[in-house]
Amino acid sequence: MKEIHSSPANLAEPSGPEEDEWAGLDDPVELLLVVSLAPDTGTLHANLRGPLLINPATRIGCQTVLHDAPYSLRYILTPG
């Protein structure tokens, strides 16, 4: 898994051996969140600090780790 560094101007700047698969990407990158269900409370939590980036053209993705971001690892999802 490669590490992606974030910056305010450009959320995803991939680095590593697979960088060529992201270079020149004209299509938008899909961003997905990992959501978990707490079995004891039934509460849904989203990991905002570790989103998944998917290149729809190549169907290759990776998990981004936003180390110094103020986002929650267990953001509580509420209805509405």
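A short reminder: the numbers here are calculations on the coordinates, not readings from a lab. Only a predicted model underlies this, so the values are computations on that prediction, with no experimental measurement involved. Note that each Cβ is placed from the backbone with ideal geometry, even for glycine, and that neighbours are counted across all protein chains shown.
A few remarks follow.
- Net lengthening on full extension, Leu48/Ser36 (0.36 nm per residue, minus Cα-Cα): 3.1 nm
- Neighbour-count order for Val65, Val35, fewest beta carbons within 10 angstrom listed first: Val35, Val65
- Residues whose amide H falls under 5 Å from that of Val34, counting only those 5 or more places apart or on a different chain, are Asn47, Leu52, with hydrogens built in the peptide plane.
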